[in-house]
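*Asks:* Encoded as structure tokens, here's the structure I'll be asking about.
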Amino acid sequence: MISKLSLQEIKTDDCKVLRLLDNSTYNPNLPITNGILEVTPPGYDCPVFFNVDPYFNIALTSSNLKLSPEYELTQLVSLPDGVYTIKYSIKPNNSIYVEYELFRNCQINFQYINNVCQLFQARCELSLKEFERRLEKLNWIKQLIDASKYKVEECGDKKQGIELYNEARLMLDEYCKNSC
């Protein structure tokens, strides 16, 4: 039996943290050495390397991804939305590895959630027709946000995923101009 490498993103509502979990299946008869996690943030060409042990659970931040100076946890900045290229390998690293494109959309989701909360807070002040119109627009925006992630991660179409994300961003900005 060969080791089967697999990573999982652990959902968090904290846009300052990207948590990855190793849920690989390792061959108990083979030594597991030289675990390397490579993470390339959106807009960067070079990965950041992490030496990891099997079954790792790692919190990636702007500091350890070298996107901002080292700060205490309370001073970290939000990680950018976009496509992160993630590769995990063990010895021999050139033949036992897995690579993913992970589409992070935490910041746009946070903005979407705030708009939903504001809409429901103001629903008594709106006509039923206006409330339903705004809710329908927000629901479509959420579909675009979710579809952007699916297109990148499940369908392997980074270009269209980014296009859907940008469409959702424009619609959300327009929604805020007209409704906030």
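*Asks:* Name the residues whose placed amide hydrogens come within less than 5 Å of the amide hydrogen of LEU79, ignoring near sequence neighbours (fewer than 5 apart) on the same chain.
*Replies:* Under 5 Å from the amide H of LEU79 lie the amide H atoms of LYS16, VAL17, each far enough along the sequence or on another chain.
*Asks:* Just the ratio, please: alpha-carbon radius of gyration of the chain over 2.2 N^0.38 Å, N its number of residues.
*Replies:* Its radius of gyration relative to the 2.2 N^0.38 Å reference: 1.24.
*Asks:* Farthest toward the dipole's positive end in region 98-178, which of GLY156, LEU128, MET171, given Cβ charges of +1 (Lys, Arg) and -1 (Asp, Glu) about the Cα centre?
*Replies:* Sorting the options by dipole projection puts first LEU128.
*Asks:* Taking the Kirkwood radius as the inverse of the mean 1/r across Cα pairs, report the Rg/Rh of region 1-101.
*Replies:* 0.99
*Asks:* In whole Å, what are the Cα extents of region 106-179 along the three principal axes, biggest one first?
*Replies:* If we take the Cα atoms of region 106-179, the spans are 43, 20, 17 Å.
*Asks:* Short version: ³J(HN,Hα) in whole Hz for each residue of region 12-28, in order, from phi by Karplus 6.51 cos²θ - 1.76 cosθ + 1.60 (θ = phi - 60°), x for Gly and Pro, what are they?
*Replies:* Rounded to whole hertz, the list is 9, 8, 8, 6, 8, 10, 10, 9, 10, 10, 8, 10, 6, 10, 9, 6, x.
*Asks:* Next question. Apply the a/c threshold of 1.5 to the C-alpha gyration tensor of region 54-132 and tell me whether it is rounded, prolate or oblate.
*Replies:* prolate
*Asks:* Here's something else I'd like to know. Cross-link candidates for LYS87: which aspartates and glutamates have Cα within less than 20 Å, leaving aside residues fewer than 8 places away along the same chain?
*Replies:* Qualifying aspartates and glutamates at Cα under 20 Å: GLU9, ASP22, GLU38, ASP45, ASP53, GLU99, GLU101, GLU153, GLU154, ASP157.
*Asks:* Still on this model: For region 106-179, please report how many Lys pairs fall under 18 Å Cα to Cα, leaving out neighbours fewer than 8 apart on the same chain.
*Replies:* 7
*Asks:* Oh, and also: Just to confirm a number: summing +1 for Lys and Arg and -1 for Asp and Glu over residues other than VAL83 whose beta-carbon lies under 15 angstrom from that of VAL83, what do you get?
*Replies:* Numbers: positive: LYS87, ARG104, LYS149, LYS151, LYS158, LYS159, ARG169; negative: GLU9, GLU38, ASP45, ASP81, GLU99, GLU101, GLU153, GLU154, ASP157, GLU163.
Result for the local shell: -3.
*Asks:* Using 7 Å Cα-to-Cβ label points, what is the CYS124/SER6 separation (nm, one decimal)?
*Replies:* Computed distance between label sites CYS124 and SER6 equals 4.9 nm.
*Asks:* 5 Å is the cut-off here: which amide hydrogens, built 1.01 Å from N in the peptide plane, fall below it relative to SER24, excluding neighbours closer than 5 in sequence?
*Replies:* Long-range HN contacts for SER24: SER6, TYR55.
A short reminder: the numbers here are calculations on the coordinates, not readings from a lab. Quick caveat, the model's predicted, so the values are computed rather than measured. FYI the Cβ positions are ideal-geometry reconstructions off the backbone, even for glycines, and counts take in every protein chain you see.
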